[in-house]
Amino acid sequence: MRIPEQPFHHFADGNLFLSLRPEMADSLVCPSMLLLRVHSHNFSATTTMSFSTRRANEWAGLALYRTAKGYYSLLKGKNEIRLTIDK
């Protein structure tokens, strides 16, 4: 993971907005991700999200990210919700 050179987020009306970027979670550059280090193997995570797209290749969601080759993600796309496991 790298820190993006350009801002990709902003806050408005108590909400966090992330701009789409072409990079994906498994890329070694700068995807639009908000990260939180987890200090225990026992934890829970919840989120609410609003996402819509007209393109089949755009996704948003929640990821449990360990490395570029080891993560789980729950993603919302144009016409589907997908659980992925990359290990």
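A few points about this structure:
- J(HN,Hα) series, the stretch 72-86, from Karplus relation 6.51 cos²θ - 1.76 cosθ + 1.60, nearest Hz, glycine and proline x: 10, 8, 10, 10, 10, x, 4, 10, 7, 10, 10, 9, 10, 10, 10
- Once C-alpha pairs closer than 8 Å and six or more residues apart are averaged by separation and normalised to the residue number of the chain, the relative contact order reads 18 percent.
- Peptides 11-21, 39-49, 67-77 ordered by packing proxy, namely the average of other Cβ atoms within 10 Å per residue, highest first: 67-77, 11-21, 39-49.
- Think of the chain as a dipole: +1 on every Lys or Arg Cβ, -1 on every Asp or Glu Cβ, centred on the Cα centre; then among Leu74, Thr46, Ala60, Leu74 lies furthest on the positive end.
- Note, ³J(HN,Hα) from phi for the stretch 60-65, Karplus 6.51, -1.76, 1.60, rounded to Hz, x at Gly and Pro: 9, x, 10, 10, 9, 10
No value in this document is a laboratory result; all are computed from the given coordinates. Since we're looking at a predicted model, the values are computed, not measured. Cβ sites come from the backbone with ideal geometry, for glycine too, and all protein chains shown count toward neighbours.
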